[in-house]
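See structure below.
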Amino acid sequence: MNFIKELDGGFSVIENLKVSGAREGKYGVTIIVSPNSTASAVFTSNKVVAAPVKYTQNVLKKGIISAVFVNSGNANCFTGKQGFKDCETLVELVSNDLKVPKDEIAISSTGVIGREMPIDIISKVAYESLSKLGSNPENSLAAAKAIMTTDTFPKECALEVTLTSGETVKIAGITKGSGMIAPNMGTMLSFIVTDAVIPADEIKKALKASADISFNMIVVDGDESTNDTCLMMANGASGVEVVKDGEMDSNFQEALNYLCIDLAKKMARDGEGATKFIEANVCNARNDEDARLAAKSIISSSLFKSAVFGGDPNWGRIVSAIGYSGCDLNPDIVTISIADDTDDVDLVKNGEILAFEDTPYLERAEKIMQSKNITVNIDMDLGDGEATAWGCDLTYDYVKINAEYTT
């Protein structure tokens with residue numbers, strides 16, 4: 001896709017945008033300021049929904065966001081009426097400092113569920129973050145770092161897109177997520193800004209399409225958060241419209257897909273305790289939905305993820321995961337292969353088992369399973385459906401991290 005150019009600097013590539021981040025111990029605050037931006041978002045489908053999610057859903061009814069407040073260290077979830085009061089307190093703090101209307105400020109939180117917000121500490125860090133607002137690459141990196149919890153590295157992406165008209169726009173985003181990841185209608189926390197001109201309802205459609213093939217196709221542990229939010233803003237600084245005659249520019253949609261997939265893969269690579277990255281590709285399924293079911297089932301399987309960690313080419317666990325996924329499957333015609341960066345080998349070809357014990361196929365598979373990047377390829381031979389999902393191995397450290405999460 002030669003119409004997409006990767007850029008350095010994260011949010012700093014977007015004009016009329018300021019960001020910042022600050023931390024005190026485990027508590028962080030990120031501020032994103034993009035005045036008078038059209039906006040929309042996708043959220044968790046968990047029936048236990050955090051206060052900031054509900055608060056932001058209400059704010060988005062207006063379709064305009066000028067600032068976003070994000071804190072880490074506390075999810076502000078299952079906190080009753082006090083949780084909403086704390087949202088109002090923090091939004092008012094930002095509103096007074098930036099002179100931005102309260103109904104144009106979104107709020108998002110990540111951290112421990114069921115604990116009251118330490119409002120004094122968060123407010124203190126918020127003022128520090130507000131004092132550091134800027135438009136340099138360092139500001140974007142600080143913003144990405146401030147929302148981290150168990151993440152081991154900050155996650156940013158920035159692109160320049162040449163539209164079908166020849167005009168150019170930019171898109172940038174940050175995300176956080178390492179554990180409690182099996183998103184449905186969103187991701188852990190992700191914030192995207194473009195300098196394009198886009199109506200709020202068109203942002204919603206474009207973001208939903210991108211989330212479905214990116215954030216909704218990653219699994220670290222199978223747990224869906226109560227706070228999942230992916231918020232996208234368009235500040236129009238470029239003056240370039242990407243929706244014409246009711247149609248989204250195809251190059252812009254492809255670029256948004258690219259950005260969301262990049263951020264999603266970074267979360268999968270950074271899964272809690274992970275040592276290996278897994279990609280599952282399914283082709284020729286009955287339809288795309290069947291392909292998604294199969295791909296996501298493979299990278300969700302605790303048994304297969306454990307086998308990846310141990311370097312065990314137990315492909316029976318792949319077959320089993322596809323079989324219970326709910327997709328159509330004919331074992332007599334399916335092809336299963338695995339690959340790393342240097343080799344690929346068929347384990348089952350058109351239903352014929354190749355990787356028996358003491359065969360060269362199994363020996364090559366054993367070597368591939370020692371690699372850091374492992375790809376599973378499935379050809380269902382039933383139609384033209386296709387999908388890709390991403391995940392990581394399941395390790396001892398994952399258990400250790402989550403056994404000690406609140407202590």
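So how many residues does segment 114-148 have that are surrounded by fewer than 22 Cβ atoms within 10 Å (Cβ to Cβ) and modelled with pLDDT under 95?
Total satisfying the criteria: 3.
For segment 370-390, state whether one or more residues are touching a helix residue (DSSP H, G or I) at 6+ places or on another chain (Cβ under 8 Å), part of a loop (DSSP other than H, G, I, E, B) and among the hydroxyl-bearing types (Ser, Thr, Tyr).
no
Could you check segment 149-180 and list, in sequence order, the residues that are open to solvent by less than 10 Å² (accessible area, probe 1.4 Å), in contact with a strand residue (DSSP E or B) (Cβ under 9 Å, 6 or more places away or on another chain) and polar (S, T, N, Q)?
The one that is open to solvent by less than 10 Å² (accessible area, probe 1.4 Å), in contact with a strand residue (DSSP E or B) (Cβ under 9 Å, 6 or more places away or on another chain) and polar (S, T, N, Q): THR175.
I'd like to check which strands (runs of 3 or more DSSP E) are fully inside segment 1-112 and have at least 3 residues that are open to solvent by 10 Å² or more (accessible area, probe 1.4 Å) and either free of Cβ contacts under 8 Å to residues at least 12 places away in the same chain or at negative phi (or both). Working first, answer last.
Details: elements: 4-7, 18-24, 27-43, 64-74, 105-112.
Because the criterion is at least 3 residues that are open to solvent by 10 Å² or more (accessible area, probe 1.4 Å) and either free of Cβ contacts under 8 Å to residues at least 12 places away in the same chain or at negative phi (or both), the strands (runs of 3 or more DSSP E) in segment 1-112 that meet it are 4-7, 18-24, 27-43.
Suppose we keep only residues that are in a helix (DSSP H, G or I) and among the aliphatic types (A, V, I, L, M) within segment 258-276. Which one would you say is surrounded by the fewest Cβ atoms within 10 Å (Cβ to Cβ)?
ILE261
Please find, among SER190, SER210, the residue that is at pLDDT 95 or above, of a type in the set (S, T, N, Q) and within 12 Å of the chain's Cα centre (by Cα).
Criteria check complete, one pass: SER210.
Can you confirm whether LYS204 is among the basic types (Lys, Arg), in a strand (DSSP E or B) and either surrounded by 24 or more Cβ atoms within 10 Å (Cβ to Cβ) or at pLDDT 90 or above (or both)?
No; evaluated as a whole, the condition is false for this residue.
Of all residues in segment 298-316, which are more than 15 Å from ALA274 (Cα to Cα) and open to solvent by less than 10 Å² (accessible area, probe 1.4 Å)?
ILE298
Would you check which residues across segment 329-345 are open to solvent by less than 70 Å² (accessible area, probe 1.4 Å) and under 31 Å from the mean Cα position of the chain (by Cα) and list them?
LEU329, VAL334, THR335, ILE336, SER337, ILE338, ALA339, ASP340, ASP343, VAL345, listed by residue number.
Please enumerate the residues belonging to segment 112-125 that are among the hydrophobic types (A, V, I, L, M, F, W, C) and out of contact with any helix residue (DSSP H, G or I) (no Cβ under 6 Å at 6 or more places or on another chain).
Within segment 112-125, VAL112, ILE113, ILE121, ILE122, VAL125 meet the criteria.
The values are calculated or read from the model by the stated rules, or taken from the named source; none is laboratory data. Computed from a predicted model, the values in this text were never measured in an experiment. So basically every Cβ, Gly included, is an ideal-geometry build from the backbone, and we count neighbours across all protein chains shown. Ligands, DNA and RNA are excluded from the accessible area calculation, which covers all protein heavy atoms including side chains. Shrake-Rupley method; radii C 1.70, N 1.55, O 1.52, S 1.80 Å.
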